[in-house]
1. Which peptide among 230-240, 63-73, 310-320 comes first, and what is the full order, when sorted by highest mean count of other Cβ atoms within 10 Å?
2. Counting alpha carbon pairs within less than 8 Å and at least 6 residues apart, what relative contact order, in whole percent, applies to the stretch 124-244?
3. Normalising by the residue count of the stretch 1-158, find the relative contact order in percent from Cα pairs under 8 Å and 6+ residues apart.
4. Looking at this model, which pairs from Lys123/Lys256; Lys172/Lys223; Lys172/Lys256 are more than 28 angstrom apart at the alpha-carbon?
5. Determine, for each peptide in 276-288, 16-28, the mean count of other beta carbons within 10 angstrom over its residues, then list the peptides with the highest first.
6. Using only alpha carbon pairs under 8 Å that are at least six residues apart, calculate the relative contact order of the chain and give it in whole percent.
7. What does the charge dipole of the chain about its Cα centre add up to, to the nearest 20 debye, if the Cβ of each Lys and Arg holds +1 and the Cβ of each Asp and Glu holds -1?
8. Which lysines have a Cα less than 21 Å from the Cα of Lys9, not counting those fewer than 8 places away in the same chain?
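No value in this document is a laboratory result; all are computed from the given coordinates. Keep in mind that this is a model prediction, so the values were computed, not measured. Reconstructed Cβ throughout: ideal geometry from the backbone, glycine too, with neighbour counts over all protein chains shown.
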Amino acid sequence: MADMTENMKVENVIIIGGGPAGYTAALYTARANLEPLLFEGFQWGGQLQNTTDVENYPGYPEGIMGPEMMTRFRAQAERFGTRFVPDDVDRVELSDGGVQKVFLGDEEYHAKSIILAMGAEPKRLGIPGEMELGGRGVSTCGVCDGAFFKGHRVIVVGGGDSAMEDSIFISKYAEELTVINRRDEFRASKIMLDRTREKENIDFKTPFIPEEFVSGEDGKLEKIRLRNAETGETEELEATGAFVAIGHIPRSEVVKGQVDTDEDGYIVTEAGSTRTNLGGVFAVGDVVDHTYRQAVTAAGTGCMGALDAERFLRDAPPPVEAHWMPGGEPAEIATGS
């Protein structure tokens, strides 16, 4: 751990976030001899830590458990010299092309570049059984888990485009699928709603609000308790699969107001790159991605961020010679060799 000394080291690159994007960025920057420092957080591994079988990541023909995959990502980054801090960052001070600052309480870390890879988290219903039955019938990713429900009776909760996309995908496997929405109207675009309605094995149930996911004797999802949003009457719907598709929340709070974000809080990057509006600050993975939100796409952007940071350090590094620490001594420069 760094401490507040007069000769504080200025890292080549600091990475914030320990998911597929962050670990891939660490792997690439480590192999480029940039000696990355990765703040992976208490919940390292990202959303894959809460995932059971991963069958759609290339290179694992038999599938792999999400936590095991993340352990392997981490070990590969560590093999080439990545250093890890298993804490969540408290705050950052970002500059445009200058030295970037990261804080853990009173501890201060400096870097010539920074890669933001904090990820996103799915919005939850907050009802009984939702977390307890995660991986046992309840999921937040239709593309990830839809194929596990071939021939099952499934529900999808949500009324936006994400819910429609999940429903269309899962309908290829499910015997029957019911879309549940709390309103009669849908936020989804007309074209997505029309496509969903065209599927013969999809029906709609509105205006209903899920109140509880109920398990059977085998400990897996058996039914969903619903409440009519208009009459207040309750009923139960049998289903062995339930997908919550009500959106995601990017974990961008720590940089809010410092880098450009869109109305939903996702960090904005230049088209075709991972560059933000600040020189030396890059963003990768689900904290940027509205659309795909897959481990393989997150890893891909992690690679991009590492290459962008490497080029930045080669072509336009910050003037660290002018970076002075308390006490009047210049900061020690990390060579990256």
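1. Numbers: 230-240: 13.2, 63-73: 17.7, 310-320: 15.0.
Sorting 230-240, 63-73, 310-320 by mean packing, highest first, produces 63-73, 310-320, 230-240.
2. Across the stretch 124-244, relative contact order equals 32 percent.
3. Reported as a whole number, the value is 28 percent.
4. Numbers: Lys123/Lys256 19 Å; Lys172/Lys223 21 Å; Lys172/Lys256 39 Å.
Lys172/Lys256, as the Cα separations exceed 28 Å there.
5. Order by mean packing, descending: 16-28, 276-288.
6. It rounds to 24 percent for the chain.
7. Here the chain has a charge dipole of around 660 debye.
8. Lys101, Lys112
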